[in-house]
Amino acid sequence: MKKKDIKDFTLDELKKKFEDLGEKKFRATQLFHWVYKKGVEDFNDMFNLPVVFRKFLYNNFYLSNIELLKFVKSKDETEKYLLRLEDGSVIETVLIFSSRERITECISSQVGCKYNCLFCESGKKGFTRNLTVSEILNQVLFVKKKMQSNPHNIVFMGIGEPLDNYDNVIKAICILNSKDAFNIGARKITISTCGIIPAIRKLQECNRQVELSVSLHAPENKLRSYLMPVNNKYPLYDLIEVCKNYVKKTNRQITFEYILIKGINDSLNYADKLARLIGGFNFKVNLITFNPTSGSLLQSPDISQIKSFREKLLVKKIPTTIRISKGRDISAACGQLKSLYLK
Ligand code: SAH
(Lines give C-alpha, C1' and ligand atoms only; values in the text may rest on other atoms or scores of the structure.)
Protein backbone atom coordinates (compact mmCIF):
# COMPACT_ATOMS: atom_id res chain seq x y z
CA MET A 1 0.00 0.00 0.00
CA LYS A 2 1.28 3.45 -0.92
CA LYS A 3 1.86 5.65 2.10
CA LYS A 4 -0.51 8.61 2.37
CA ASP A 5 0.53 12.18 3.06
CA ILE A 6 -0.91 12.79 6.53
CA LYS A 7 -1.42 16.52 5.91
CA ASP A 8 -3.99 15.70 3.22
CA PHE A 9 -6.56 14.79 5.90
CA THR A 10 -8.81 16.97 8.06
CA LEU A 11 -9.08 16.16 11.76
CA ASP A 12 -12.44 14.44 11.30
CA GLU A 13 -11.11 12.36 8.43
CA LEU A 14 -8.10 11.27 10.48
CA LYS A 15 -10.26 10.37 13.47
CA LYS A 16 -12.40 8.21 11.23
CA LYS A 17 -9.38 6.65 9.53
CA PHE A 18 -7.71 5.79 12.84
CA GLU A 19 -10.92 4.31 14.22
CA ASP A 20 -11.41 2.20 11.10
CA LEU A 21 -7.86 0.92 11.50
CA GLY A 22 -8.51 0.02 15.14
CA GLU A 23 -6.66 2.97 16.70
CA LYS A 24 -7.99 5.48 19.23
CA LYS A 25 -9.41 8.58 17.60
CA PHE A 26 -7.99 11.07 20.13
CA ARG A 27 -4.60 10.21 18.67
CA ALA A 28 -5.66 12.29 15.66
CA THR A 29 -5.87 15.42 17.83
CA GLN A 30 -2.48 14.67 19.40
CA LEU A 31 -1.02 14.21 15.96
CA PHE A 32 -2.55 17.48 14.74
CA HIS A 33 -0.87 19.31 17.64
CA TRP A 34 2.52 17.84 16.77
CA VAL A 35 2.26 18.58 13.07
CA TYR A 36 0.58 21.97 13.00
CA LYS A 37 1.20 23.54 16.41
CA LYS A 38 4.71 22.26 17.10
CA GLY A 39 5.81 21.86 13.48
CA VAL A 40 7.38 18.45 14.11
CA GLU A 41 8.42 16.71 10.89
CA ASP A 42 9.11 13.15 12.03
CA PHE A 43 6.65 10.71 13.63
CA ASN A 44 9.49 9.50 15.86
CA ASP A 45 9.71 12.89 17.60
CA MET A 46 6.07 12.77 18.73
CA PHE A 47 6.91 11.71 22.28
CA ASN A 48 3.44 11.34 23.78
CA LEU A 49 2.42 8.85 21.11
CA PRO A 50 3.07 5.20 22.00
CA VAL A 51 5.93 3.64 20.07
CA VAL A 52 3.62 1.12 18.39
CA PHE A 53 1.38 3.93 17.21
CA ARG A 54 4.36 5.83 15.82
CA LYS A 55 5.31 2.67 13.98
CA PHE A 56 1.75 2.36 12.68
CA LEU A 57 1.95 5.94 11.43
CA TYR A 58 5.30 5.32 9.82
CA ASN A 59 3.98 2.25 8.00
CA ASN A 60 0.85 3.96 6.68
CA PHE A 61 1.63 7.66 6.32
CA TYR A 62 4.41 10.13 5.63
CA LEU A 63 5.02 13.85 6.23
CA SER A 64 5.68 15.72 3.00
CA ASN A 65 8.11 18.58 2.71
CA ILE A 66 8.55 21.78 0.76
CA GLU A 67 11.95 23.16 -0.19
CA LEU A 68 13.16 26.75 -0.56
CA LEU A 69 14.60 27.49 -4.01
CA LYS A 70 14.95 31.24 -3.86
CA PHE A 71 14.18 34.09 -1.47
CA VAL A 72 13.93 37.78 -2.32
CA LYS A 73 13.11 40.77 -0.15
CA SER A 74 11.71 44.03 -1.49
CA LYS A 75 12.60 47.57 -0.43
CA ASP A 76 9.08 47.77 1.01
CA GLU A 77 9.81 44.64 3.13
CA THR A 78 7.64 42.30 1.06
CA GLU A 79 9.24 38.87 0.93
CA LYS A 80 8.85 36.35 -1.81
CA TYR A 81 9.68 32.66 -1.63
CA LEU A 82 10.04 30.35 -4.56
CA LEU A 83 9.30 26.84 -3.30
CA ARG A 84 9.87 23.39 -4.78
CA LEU A 85 7.32 20.63 -4.25
CA GLU A 86 8.26 16.97 -3.93
CA ASP A 87 7.66 16.27 -7.64
CA GLY A 88 9.92 19.17 -8.62
CA SER A 89 7.07 21.60 -9.44
CA VAL A 90 7.67 25.19 -8.45
CA ILE A 91 5.25 27.57 -6.70
CA GLU A 92 5.44 30.94 -4.96
CA THR A 93 4.38 32.32 -1.63
CA VAL A 94 4.59 36.00 -0.67
CA LEU A 95 4.71 37.66 2.75
CA ILE A 96 3.32 41.17 3.07
CA PHE A 97 3.94 43.14 6.26
CA SER A 98 1.40 45.80 7.14
CA SER A 99 2.01 48.80 9.36
CA ARG A 100 0.64 47.19 12.49
CA GLU A 101 3.05 44.27 12.41
CA ARG A 102 0.47 42.08 10.81
CA ILE A 103 1.67 39.46 8.38
CA THR A 104 -0.38 38.47 5.34
CA GLU A 105 0.68 35.38 3.46
CA CYS A 106 -0.30 35.11 -0.19
CA ILE A 107 -0.38 31.45 -1.14
CA SER A 108 -0.64 29.43 -4.34
CA SER A 109 -3.40 26.92 -5.04
CA GLN A 110 -2.21 25.35 -8.30
CA VAL A 111 0.95 24.72 -10.31
CA GLY A 112 0.39 27.10 -13.23
CA CYS A 113 -3.04 28.38 -14.18
CA LYS A 114 -5.58 27.58 -16.92
CA TYR A 115 -7.00 31.06 -17.32
CA ASN A 116 -4.25 33.07 -19.00
CA CYS A 117 -5.30 36.61 -18.04
CA LEU A 118 -3.52 39.17 -20.24
CA PHE A 119 -1.78 40.95 -17.34
CA CYS A 120 -0.82 37.90 -15.26
CA GLU A 121 2.32 35.76 -15.44
CA SER A 122 0.83 32.67 -13.80
CA GLY A 123 -1.02 31.45 -16.88
CA LYS A 124 1.75 32.14 -19.41
CA LYS A 125 3.20 28.63 -19.22
CA GLY A 126 -0.15 26.88 -18.90
CA PHE A 127 -1.55 24.65 -16.22
CA THR A 128 0.20 21.66 -14.67
CA ARG A 129 -1.92 20.45 -11.75
CA ASN A 130 -3.85 21.25 -8.59
CA LEU A 131 -1.98 21.52 -5.31
CA THR A 132 -2.82 18.88 -2.75
CA VAL A 133 -4.17 19.90 0.66
CA SER A 134 -0.75 19.28 2.19
CA GLU A 135 1.04 21.36 -0.45
CA ILE A 136 -1.26 24.28 0.34
CA LEU A 137 -0.64 23.85 4.08
CA ASN A 138 3.12 23.34 3.67
CA GLN A 139 3.38 26.92 2.41
CA VAL A 140 1.90 28.14 5.70
CA LEU A 141 4.01 25.73 7.78
CA PHE A 142 7.09 26.96 5.96
CA VAL A 143 6.34 30.55 6.94
CA LYS A 144 5.36 29.57 10.48
CA LYS A 145 8.72 27.89 10.94
CA LYS A 146 10.55 30.91 9.60
CA MET A 147 8.62 33.57 11.53
CA GLN A 148 8.03 31.47 14.65
CA SER A 149 4.38 32.43 14.42
CA ASN A 150 1.37 31.97 12.18
CA PRO A 151 0.61 34.60 9.56
CA HIS A 152 -2.40 36.75 10.62
CA ASN A 153 -4.09 36.66 7.25
CA ILE A 154 -4.04 34.22 4.38
CA VAL A 155 -4.97 35.23 0.85
CA PHE A 156 -5.33 32.76 -2.01
CA MET A 157 -3.82 35.25 -4.47
CA GLY A 158 -0.67 33.39 -5.46
CA ILE A 159 -0.37 31.13 -8.48
CA GLY A 160 -3.55 29.43 -9.68
CA GLU A 161 -7.30 29.68 -9.42
CA PRO A 162 -8.40 28.50 -5.96
CA LEU A 163 -12.02 27.83 -6.95
CA ASP A 164 -10.73 25.52 -9.66
CA ASN A 165 -9.21 23.39 -6.90
CA TYR A 166 -12.30 23.72 -4.74
CA ASP A 167 -12.20 20.58 -2.58
CA ASN A 168 -8.53 20.83 -1.62
CA VAL A 169 -8.76 24.55 -0.92
CA ILE A 170 -11.81 24.09 1.34
CA LYS A 171 -10.16 21.20 3.18
CA ALA A 172 -7.00 23.27 3.67
CA ILE A 173 -9.13 26.15 5.01
CA CYS A 174 -10.78 23.73 7.41
CA ILE A 175 -7.33 22.81 8.81
CA LEU A 176 -6.19 26.45 8.84
CA ASN A 177 -9.31 27.20 10.90
CA SER A 178 -9.00 24.27 13.29
CA LYS A 179 -8.13 25.22 16.86
CA ASP A 180 -6.08 22.01 16.98
CA ALA A 181 -4.00 23.19 14.02
CA PHE A 182 -3.38 26.80 12.87
CA ASN A 183 -6.39 28.41 14.53
CA ILE A 184 -6.64 31.13 11.87
CA GLY A 185 -10.22 32.50 11.75
CA ALA A 186 -12.18 32.09 8.52
CA ARG A 187 -12.61 35.87 8.29
CA LYS A 188 -8.83 36.19 8.10
CA ILE A 189 -8.77 34.02 4.99
CA THR A 190 -9.54 35.40 1.52
CA ILE A 191 -10.32 33.38 -1.58
CA SER A 192 -9.69 35.35 -4.76
CA THR A 193 -11.31 34.11 -7.96
CA CYS A 194 -11.37 35.09 -11.62
CA GLY A 195 -15.11 34.34 -11.48
CA ILE A 196 -15.84 30.60 -11.66
CA ILE A 197 -19.62 30.86 -11.36
CA PRO A 198 -20.58 27.30 -10.29
CA ALA A 199 -17.90 27.34 -7.58
CA ILE A 200 -19.08 30.71 -6.22
CA ARG A 201 -22.55 29.16 -5.88
CA LYS A 202 -21.04 26.16 -4.11
CA LEU A 203 -19.09 28.40 -1.74
CA GLN A 204 -22.31 30.25 -0.93
CA GLU A 205 -23.90 26.97 0.19
CA CYS A 206 -20.95 25.73 2.25
CA ASN A 207 -21.46 28.51 4.76
CA ARG A 208 -17.84 29.22 5.68
CA GLN A 209 -17.16 32.74 6.88
CA VAL A 210 -14.24 33.24 4.45
CA GLU A 211 -13.76 36.50 2.60
CA LEU A 212 -14.43 36.42 -1.13
CA SER A 213 -12.66 38.62 -3.69
CA VAL A 214 -13.63 38.54 -7.34
CA SER A 215 -11.15 39.74 -9.95
CA LEU A 216 -13.28 41.95 -12.19
CA HIS A 217 -10.85 44.29 -13.99
CA ALA A 218 -13.46 45.57 -16.49
CA PRO A 219 -17.10 46.74 -16.33
CA GLU A 220 -18.14 45.46 -19.77
CA ASN A 221 -17.98 42.09 -21.52
CA LYS A 222 -15.81 42.93 -24.51
CA LEU A 223 -13.03 44.49 -22.49
CA ARG A 224 -13.23 41.84 -19.78
CA SER A 225 -12.96 39.03 -22.34
CA TYR A 226 -9.90 40.76 -23.79
CA LEU A 227 -8.24 40.97 -20.37
CA MET A 228 -9.61 37.71 -18.98
CA PRO A 229 -10.56 34.96 -21.48
CA VAL A 230 -12.50 33.20 -18.68
CA ASN A 231 -15.16 35.87 -19.30
CA ASN A 232 -16.17 34.00 -22.48
CA LYS A 233 -17.20 31.06 -20.35
CA TYR A 234 -18.57 32.98 -17.36
CA PRO A 235 -19.72 36.37 -18.72
CA LEU A 236 -19.74 39.54 -16.67
CA TYR A 237 -23.47 40.06 -16.18
CA ASP A 238 -24.04 36.46 -15.10
CA LEU A 239 -21.11 36.81 -12.72
CA ILE A 240 -22.52 39.99 -11.18
CA GLU A 241 -25.92 38.31 -10.70
CA VAL A 242 -24.26 35.41 -8.91
CA CYS A 243 -22.30 37.85 -6.73
CA LYS A 244 -25.48 39.77 -5.84
CA ASN A 245 -27.10 36.53 -4.84
CA TYR A 246 -24.03 35.58 -2.78
CA VAL A 247 -24.11 38.78 -0.72
CA LYS A 248 -27.87 38.49 -0.24
CA LYS A 249 -27.72 34.86 0.90
CA THR A 250 -24.55 35.02 3.01
CA ASN A 251 -24.85 38.57 4.31
CA ARG A 252 -21.18 38.96 3.51
CA GLN A 253 -19.45 41.60 1.44
CA ILE A 254 -17.65 40.80 -1.80
CA THR A 255 -14.55 42.75 -2.83
CA PHE A 256 -14.06 43.36 -6.53
CA GLU A 257 -10.43 43.53 -7.52
CA TYR A 258 -9.79 45.98 -10.35
CA ILE A 259 -6.26 46.28 -11.71
CA LEU A 260 -5.80 49.66 -13.34
CA ILE A 261 -3.89 49.39 -16.62
CA LYS A 262 -2.94 52.59 -18.39
CA GLY A 263 -5.09 53.42 -21.41
CA ILE A 264 -6.94 50.11 -21.23
CA ASN A 265 -9.43 50.09 -18.36
CA ASP A 266 -8.57 53.23 -16.37
CA SER A 267 -10.77 55.91 -18.00
CA LEU A 268 -13.34 57.67 -15.85
CA ASN A 269 -15.97 56.46 -18.26
CA TYR A 270 -15.17 52.94 -17.07
CA ALA A 271 -15.40 54.10 -13.46
CA ASP A 272 -18.95 55.31 -14.22
CA LYS A 273 -19.83 52.01 -15.88
CA LEU A 274 -18.42 50.09 -12.94
CA ALA A 275 -20.48 52.15 -10.51
CA ARG A 276 -23.64 51.48 -12.50
CA LEU A 277 -22.86 47.78 -12.65
CA ILE A 278 -22.27 47.14 -8.96
CA GLY A 279 -23.90 50.09 -7.13
CA GLY A 280 -26.48 49.49 -4.41
CA PHE A 281 -25.12 46.16 -3.16
CA ASN A 282 -22.79 45.11 -0.39
CA PHE A 283 -19.76 45.27 -2.65
CA LYS A 284 -16.51 47.14 -2.34
CA VAL A 285 -13.77 47.81 -4.86
CA ASN A 286 -10.06 47.38 -4.42
CA LEU A 287 -8.13 49.27 -7.08
CA ILE A 288 -4.76 47.67 -7.75
CA THR A 289 -1.92 49.34 -9.56
CA PHE A 290 -0.72 47.09 -12.35
CA ASN A 291 2.61 45.48 -11.51
CA PRO A 292 4.51 45.53 -14.81
CA THR A 293 6.12 42.32 -16.01
CA SER A 294 9.28 42.24 -18.02
CA GLY A 295 8.51 42.27 -21.71
CA SER A 296 4.90 43.35 -21.24
CA LEU A 297 3.62 46.40 -23.08
CA LEU A 298 1.06 47.11 -20.37
CA GLN A 299 1.70 49.96 -17.98
CA SER A 300 0.47 51.25 -14.68
CA PRO A 301 -1.44 54.59 -14.74
CA ASP A 302 -0.23 57.69 -12.87
CA ILE A 303 -1.31 57.95 -9.27
CA SER A 304 -3.47 61.00 -10.13
CA GLN A 305 -5.53 58.89 -12.54
CA ILE A 306 -5.92 56.17 -9.93
CA LYS A 307 -7.14 58.74 -7.40
CA SER A 308 -9.63 60.23 -9.87
CA PHE A 309 -10.96 56.75 -10.64
CA ARG A 310 -11.44 56.16 -6.94
CA GLU A 311 -13.16 59.54 -6.46
CA LYS A 312 -15.69 58.68 -9.16
CA LEU A 313 -16.59 55.48 -7.37
CA LEU A 314 -16.73 57.15 -3.96
CA VAL A 315 -19.11 59.82 -5.27
CA LYS A 316 -21.39 56.96 -6.34
CA LYS A 317 -21.15 55.61 -2.77
CA ILE A 318 -19.04 52.60 -3.62
CA PRO A 319 -16.46 51.91 -0.90
CA THR A 320 -13.14 51.91 -2.72
CA THR A 321 -9.59 51.36 -1.57
CA ILE A 322 -6.34 51.62 -3.48
CA ARG A 323 -3.75 48.89 -3.20
CA ILE A 324 -0.35 49.91 -4.40
CA SER A 325 1.20 46.66 -5.65
CA LYS A 326 3.70 45.63 -3.05
CA GLY A 327 7.09 44.26 -3.93
CA ARG A 328 7.26 45.76 -7.41
CA ASP A 329 11.05 45.54 -7.37
CA ILE A 330 10.95 41.80 -6.64
CA SER A 331 8.27 40.77 -9.16
CA ALA A 332 5.83 40.00 -6.38
CA ALA A 333 2.64 39.80 -8.43
CA CYS A 334 1.14 36.46 -9.23
CA GLY A 335 3.62 34.12 -10.92
CA GLN A 336 6.21 36.78 -11.73
CA LEU A 337 9.14 35.42 -9.77
CA LYS A 338 8.56 31.93 -11.09
CA SER A 339 8.53 33.30 -14.64
CA LEU A 340 11.84 35.05 -14.13
CA TYR A 341 13.36 31.99 -12.51
CA LEU A 342 12.29 29.61 -15.25
CA LYS A 343 13.48 31.83 -18.10
N1 SAH B 1 -6.94 33.31 -9.89
C2 SAH B 1 -7.29 34.15 -8.80
C3 SAH B 1 -6.19 34.35 -7.78
C4 SAH B 1 -4.81 34.61 -8.27
S5 SAH B 1 -4.52 36.23 -8.94
C6 SAH B 1 -7.85 35.47 -9.31
O7 SAH B 1 -7.88 35.67 -10.52
O8 SAH B 1 -8.31 36.26 -8.51
C9 SAH B 1 -4.62 37.26 -7.55
C10 SAH B 1 -4.79 38.72 -7.90
O11 SAH B 1 -3.57 39.24 -8.44
C12 SAH B 1 -5.87 38.94 -8.94
O13 SAH B 1 -6.72 40.00 -8.61
C14 SAH B 1 -5.04 39.21 -10.17
O15 SAH B 1 -5.81 39.84 -11.11
C16 SAH B 1 -3.87 40.00 -9.59
N17 SAH B 1 -2.71 40.14 -10.48
C18 SAH B 1 -2.21 39.25 -11.35
N19 SAH B 1 -1.19 39.77 -12.07
C20 SAH B 1 -1.02 41.04 -11.64
C21 SAH B 1 -0.14 42.12 -12.00
N22 SAH B 1 0.80 41.97 -12.94
N23 SAH B 1 -0.26 43.29 -11.33
C24 SAH B 1 -1.19 43.46 -10.38
N25 SAH B 1 -2.05 42.49 -10.00
C26 SAH B 1 -1.98 41.29 -10.62
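Here are some notes:
- Estimated inter-spin distance, residue 284 and residue 5, nm [label 7 Å along Cα→Cβ]: 3.4 nm
- Reference-scaled alpha-carbon Rg (2.2 N^0.38 Å with N residues) for segment 173-215: 1.22
- Tensor-based shape of segment 250-302 (alpha-carbon gyration tensor, a/c under 1.5 rounded, otherwise prolate or oblate): oblate
- Three-way shape call for segment 65-122 based on the alpha-carbon gyration tensor, with the a/c threshold at 1.5: oblate
- Computed on the Cα trace of segment 166-314, the radius of gyration divided by the Kirkwood hydrodynamic radius gives Rg/Rh = 1.00.
- Remark: C-alpha extents of segment 1-55 on the principal axes read 25, 24, 22 Å, sorted largest to smallest.
- FRET E, pair residue 67, residue 186, Förster distance 41 Å, beta-carbon r, rounded to 0.05: 0.90
- Summed residue charge, Cβ within 11 Å of residue 186's Cβ, Lys/Arg positive, Asp/Glu negative: +3
- Per residue accessible area in Å² of the chain, where ligands, DNA and RNA are left out and the probe is 1.4 Å: 46 Å²
- FRET efficiency, 1/(1 + (r/R0)^6) with R0 51 Å, evaluated for residue 37 and residue 232 via beta carbons: 0.65
- Label point distance in nm, residue 44-residue 296, each placed 7 Å from Cα along Cα→Cβ: 4.8 nm
- Equivalent-ellipsoid semi-axes of segment 1-107, from the Cα gyration tensor, Å, largest first: 33, 16, 12
- Overall, the accessible surface of the chain at a probe of 1.4 angstrom is composed of carbon and sulfur to the extent of 51 percent.
- Phi to ³J(HN,Hα) by Karplus 6.51 cos²θ - 1.76 cosθ + 1.60 over segment 54-68, Hz, x for Gly, Pro: 4, 5, 4, 4, 4, 6, 10, 9, 9, 10, 6, 10, 10, 10, 6
- Here the Karplus curve 6.51 cos²θ - 1.76 cosθ + 1.60, taken at θ = phi - 60°, turns the phi angles of segment 129-139 into couplings of 6, 6, 7, 6, 4, 5, 5, 5, 5, 4, 5 Hz, with x standing for Gly and Pro.
- Modelled FRET efficiency - R0 30 Å, residue 76 with residue 269, Cβ distances, 0.05 increments: 0.40
- Its convex hull of Cα atoms gives segment 127-223 a direction-averaged projected area, equal to a quarter of the hull surface, of 7.3 nm².
- Computed packing ranks the peptides 157-168, 44-55 as 157-168, 44-55, most packed first, by mean other Cβ atoms within 10 Å.
- The alpha carbon radius of gyration of segment 199-258, expressed as a multiple of 2.2 N^0.38 Å, is 1.13.
- Cross-link pairs exceeding 25 Å in C-alpha to C-alpha distance, out of 114/317; 202/316; 15/55; 284/307, comprise 114/317; 202/316.
- At 1.567 mPa s and 4 °C, Stokes D of the chain from Kirkwood alpha-carbon radius, µm² per second: 61 µm²/s
- 3J(HN,Hα) from dihedral phi, segment 11-17, Karplus parametrisation 6.51/-1.76/1.60, rounded to Hz, x for glycine, proline: 4, 4, 5, 5, 4, 5, 4
- Residues whose amide H lies under 5 Å from that of residue 214, counting only those 5 or more places away or on a different chain, are 193, 255, 256, 257; hydrogens are built 1.01 Å from N in the peptide plane.
- Label sites at residue 59 and residue 207, each approximated as a point 7 angstrom past Cα along Cα to Cβ, lie 4.1 nm apart.
The values are calculated or read from the model by the stated rules, or taken from the named source; none is laboratory data. Since this is a predicted model, take the numbers as computed values, not measurements. Glycine also receives a Cβ, built like all others from the backbone with ideal geometry; neighbour counts cover every protein chain displayed. Ligands, DNA and RNA are excluded from the accessible area calculation, which covers all protein heavy atoms including side chains. Shrake-Rupley method; radii C 1.70, N 1.55, O 1.52, S 1.80 Å.
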